[in-house]
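Here is the structure we will look at, set down as structure tokens.
The values are calculated or read from the model by the stated rules, or taken from the named source; none is laboratory data. In this text the structure is predicted, and so the values were computed from the model without any measurement. Note: ideal-geometry Cβ built from the backbone for every residue, glycine included; neighbour counts use all protein chains shown.
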Amino acid sequence: MRYRTVIFDLFDTLADFVRDRLPTIYVDGKAIPSTTAVVYPLFVERYNHISLETFYQAFRDSFDEAARLREIEEREVSARERFTLFFHKLQIPVTSDIEPFLSSLLDAHMACIAEAVHAPPEHVELLEWLRPRYQLALISNFDHGPTARQILDRTGMTSFFDLILISDELGQRKPHAAIFETACQALRIRPHEAIFIGDSPGIDVAGAKAVGMAVIWLNRRGEALDESIPPPDHTVTRLQEIRTILG
Ligand SMILES: [Mg+2]
């Protein structure tokens, strides 16, 4: 099969989120990499009665709750909504005069996340190699569209793609069919004309297969595939191996 379009996942496929690159906080004597290290100092300027421990617990709880909502409601929960959940957990009503403050915390958090993302140069070279051969696109589950786009700009990847679709901007996330179908409509292709490359069985492999796309599963750690997941068309352990499939 000759594909017209190659569609990539972003995180843990083209670029790595390196948790250890986050700054460190110490909670109960334990070193934890967390954006709390930059967000909490801004927060206490306004709410100095809230301890680091209380802040961190609420910050984690809001993260878990956003993940739970994403699962049960099959939609993206934006970073702003997650921060609103976080404020609620600290009994702080999000009124219009709080909004700019919330935005400044969100910006600090996202800048910290963006700095922890690393795109290996060989992945950019791979896109260079694919560009004359295929139409290229990217579909990413991420809760803050501007940050995902900034990461793509900074790593020199933006210009390779005919389409960049971030779940935060659509409201729906992989594995929902809507995000794959929206991409196909925008690219003017049918799903079977595309091959999708991603690292997550439940999100990338299951989602793309369900709409009729071919899939390359990037299985870096040699994990077994759960029986509930439709088998991918190809499996690679390093992204560069897709050259032999797409060459
Ligand atoms: Mg991924």
ask   = Taking the stretch 124-138 as the region of interest, how many residues are touching a residue at least 40 places away in the same chain (Cβ under 8 Å), surrounded by fewer than 18 Cβ atoms within 10 Å (Cβ to Cβ) and not in a loop (DSSP other than H, G, I, E, B)?
value = 1
request  = Please indicate, with yes or no, whether at least one residue in the stretch 58-73 is of a type outside the set (G, A, S), more than 27 Å from S140 (Cβ to Cβ) and either free of Cβ contacts under 8 Å to residues at least 24 places away in the same chain or in contact with a His (Cβ under 7 Å, 6 or more places away or on another chain) (or both).
outcome  = no
query = Taking strands (runs of 3 or more DSSP E) that fall entirely within the stretch 1-94, which contain at least 3 residues that are modelled with pLDDT of 95 or more and within 16 Å of the ligand (Cβ to nearest atom)?
reply = 5-8
task = Would you confirm whether any residue within the stretch 188-198 is within 16 Å of the ligand (Cβ to nearest atom) and either over 27 Å from E223 (Cα atoms) or in contact with a Leu (Cβ under 6 Å, 6 or more places away or on another chain) (or both)?
result = no
inquiry  = Looking at the stretch 42-50, can you tell me whether even one residue there is surrounded by 12 or more Cβ atoms within 10 Å (Cβ to Cβ) and under 27 Å from R149 (Cα atoms)?
reply    = yes
inquiry  = Can you pull out every residue in the stretch 163-196 that is farther than 28 Å from R80 by Cβ, outside any strand (DSSP E or B) and not β-branched (V, I, T)?
reply    = C184, L187, R188, R190, P191, H192, E193
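From A206, A214, which residue is farther than 14 Å from I164 by Cα, within 16 Å of the ligand (Cβ to nearest atom) and among the hydrophobic types (A, V, I, L, M, F, W, C)? Can you show your working first?
Details: A214 fails: within 16 Å of the ligand (Cβ to nearest atom).
Criteria check complete, one pass: A206.
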Members of the stretch 81-121 that are within 22 Å of Q57 (Cα to Cα) and among the charged types (D, E, K, R) = E81, R82, K89, E99, D107
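Listed here are the residues, each with its yes/no results for (1) assigned by TED's automatic domain parsing to the domain that holds A58; (2) farther than 29 Å from R19 by Cβ.
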residue	(1), (2)
I92	yes, no
F101	yes, no
S104	yes, no
H109	yes, no
V124	no, no
L127	no, no
P132	no, yes
A137	no, no
S140	no, no
